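K.L.:
Below: one structure in structure tokens.
The values are calculated or read from the model by the stated rules, or taken from the named source; none is laboratory data. These numbers come from a predicted model, not from an experiment. Note: ideal-geometry Cβ built from the backbone for every residue, glycine included; neighbour counts use all protein chains shown.
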Amino acid sequence: MNKLFFLLSITLMTMTLGACSPKPPHGYTGYLYFAQGNYLTRFSLRDGSLSVTANFGDMSIREISAFGENRLFLAGTAAINRRTVPRISWIDLETGEKVAQYSGILARYMANAKIVIYDDGIKLYAVPQGGGGAPDEIIYAHGLNRITTVLEVSDDTLLFETGEPGKRVIRAWDAVTGQQRLLDELTATCELVGAVWLKSLRQLACRKRGSAIEASEYVLVNLGGQVVDRLALPEGGRFTALTYIPGQSALVLKENWIGAIGGQEKSAVWIHDVRTGENTRLSKHLNLGSSVIFTKI
């Protein structure tokens with residue numbers, strides 16, 4: 001019943017969005033992939049339409065990341081023998097092929113080094129791709145679910161933030177050398193949760209450490225922790241950065257607010273042009289969640 005309701009909802013939303021704005025004038029193209037329960041869903045930047053890409057059955061999807069050009073990693077939980085277990089799968093967007101790969105809570109792909117990073121909840125692993133028989137490397141052993149965020153900032157550099165009791169630490173790991181270092185200045189400046197790497201600028205868009213989420217004070221910061229600029233987002237909004245589209249200089253954000261009737265939380269999709277500072281609302285009523293990936297297909 002829930003699956004049928006979701007499919008009907010997607011169909012109605014697609015018809016509504018398409019009817020209201022068949023071809024928005026903003027000029028953005030491509031697709032945003034996000035999860036709703038066990039469904040992988042696609043939002044078109046060109047016309048605002050929604051479509052269901054895949055159903056992952058008993059797997060509840062929590063996080064999405066890129067796995068090469070046309071594949072996505074999906075991390076979540078699944079019910080196996082009456083137990084809820086973590087699972088990482090991937091899907092090929094061209095063929096629809098789906099494969100369960102690891103038991104873990106998140107995965108990242110370092111394209112330059114051809115290494116998959118995954119976290120099983122207590123250890124962060126690096127797994128070489130393409131054979132060779134090299135053993136999995138333990139990048140970092142941590143307390144249960146103490147890693148809060150993992151973020152690629154280039155094809156061979158990974159940032160991860162750990163949440164020890166009363167303390168946050170951001171580390172950088174080099175996929176080529178295997179070396180890691182503490183980023184004390186960046187830790188003092190940035191919240192890595194809700195941060196997005198702007199590849200074309202080689203800067204992070206992040207909330208300032210210790211600032212109220214409601215203030216949505218987003219800054220542009222280099223990896224040395226120096227604030228380069230502040231984002232001029234619409235006044236009074238509560239925003240979370242989701243992903244970046246390099247070729248279009250577009251930072252995708254989610255706005256949240258509490259509705260006047262019923263007190264329910266509502267969401268909208270915005271794009272901030274980092275070149276011009278212009279803000280464009282793409283959808284007034286759509287919740288993309290907290291994990292979103294841009295692709296061209």
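K.L.:
I'm told Arg108 meets every condition in (1) over 26 Å from Tyr244 (Cβ atoms); (2) within 16 Å of the chain's Cα centre (by Cα) except one. Can you identify the failing condition by its number?
P.N.:
The one condition Arg108 does not meet is (1).
The rows are residues; the columns are (1) hydrophobic (A, V, I, L, M, F, W, C); (2) part of a loop (DSSP other than H, G, I, E, B); (3) within 19 Å of Phe67 (Cα to Cα); (4) modelled with pLDDT of 95 or more.
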{"site": "Thr95", "(1), (2), (3), (4)": "no, yes, yes, yes"}
{"site": "Tyr140", "(1), (2), (3), (4)": "no, no, no, yes"}
{"site": "Val150", "(1), (2), (3), (4)": "yes, no, yes, yes"}
{"site": "Glu161", "(1), (2), (3), (4)": "no, no, no, yes"}
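K.L.:
If Glu235 passes every condition in (1) acidic (Asp, Glu); (2) touching a residue at least 24 places away in the same chain (Cβ under 8 Å); (3) within 30 Å of Lys266 (Cβ to Cβ); (4) assigned to a loop (DSSP other than H, G, I, E, B) but one, which one does it miss?
P.N.:
(2)
K.L.:
Counting just the residues of the range 156-182 that are surrounded by 12 or more Cβ atoms within 10 Å (Cβ to Cβ) and among the hydroxyl-bearing types (Ser, Thr, Tyr), which one comes out farthest from Arg108 (Cα to Cα)?
P.N.:
That would be Thr162.
K.L.:
Go through the range 243-263 and give me each residue that's farther than 14 Å from Tyr28 by Cβ and either part of a strand (DSSP E or B) or of a type in the set (Asp, Glu) (or both). Spell out the reasoning first.
P.N.:
Of all residues in the range 243-263, those farther than 14 Å from Tyr28 by Cβ come to 254-263.
Once the filter is applied, which keeps residues that are farther than 14 Å from Tyr28 by Cβ and either part of a strand (DSSP E or B) or of a type in the set (Asp, Glu) (or both), the range 243-263 yields Lys254, Glu255, Asn256, Trp257, Ile258.
K.L.:
Okay, next question. Please identify the pairs in which a residue from the range 285-297 that is aromatic (Phe, Trp, Tyr) has its Cβ atom under 8 Å from the Cβ atom of a residue that is buried (at least 18 other Cβ atoms within 10 Å of the Cβ), counting only partners at least 6 apart or on another chain.
P.N.:
From the range 285-297, the pairs are Phe294/Tyr31; Phe294/Leu32; Phe294/Tyr33; Phe294/Thr243; Phe294/Tyr244; Phe294/Ile245; Phe294/Val252.
K.L.:
In addition: Please go through the range 162-194 and give me each residue that is more than 19 Å from Leu220 (Cα to Cα) and among the hydroxyl-bearing types (Ser, Thr, Tyr), ordered by number.
P.N.:
Thr162, Thr177
K.L.:
Of the numbered conditions (1) modelled with pLDDT of 95 or more; (2) under 18 Å from the mean Cα position of the chain (by Cα), Val227 satisfies every one except a single condition; which is it?
P.N.:
So the condition that Val227 fails would be (2).
K.L.:
Pairs only if they're at least six apart or on different chains, beta carbon under 6 angstrom, first in the range 163-175 and within 20 Å of Leu144 (Cβ to Cβ), second surrounded by fewer than 19 Cβ atoms within 10 Å (Cβ to Cβ) and hydrophobic (A, V, I, L, M, F, W, C); list them, first residue then second.
P.N.:
Filtered contacts from the range 163-175: Arg171/Leu182.
K.L.:
Which count do you get for residues in the range 41-73 that are without any contact (Cβ under 8 Å) to a residue 24 or more places away in the chain and assigned to a strand (DSSP E or B)?
P.N.:
Of the residues in that region, 4 qualify.
K.L.:
What pairs come out if I take residues in the range 92-114 that are farther than 22 Å from Thr41 by Cβ and pair them with residues that are crowded, with 19+ Cβ neighbours inside 10 Å and at pLDDT below 95 whose C-beta lies under 6 Å away, six or more apart or interchain?
P.N.:
These pairs meet every condition: Met110/Ala175; Ala113/Ala175.
K.L.:
Something else: Take the residues of the range 58-83 that are at pLDDT below 95 and farther than 30 Å from Gly27 by Cβ: which is surrounded by the most Cβ atoms within 10 Å (Cβ to Cβ)?
P.N.:
Only one residue fits best here, namely Ala78.
K.L.:
Okay, next question. Select from the range 81-91 the residues that are part of a strand (DSSP E or B) and without any contact (Cβ under 8 Å) to a residue 12 or more places away in the chain and list them in ascending order.
P.N.:
Within the range 81-91, Arg83, Thr84 qualify.
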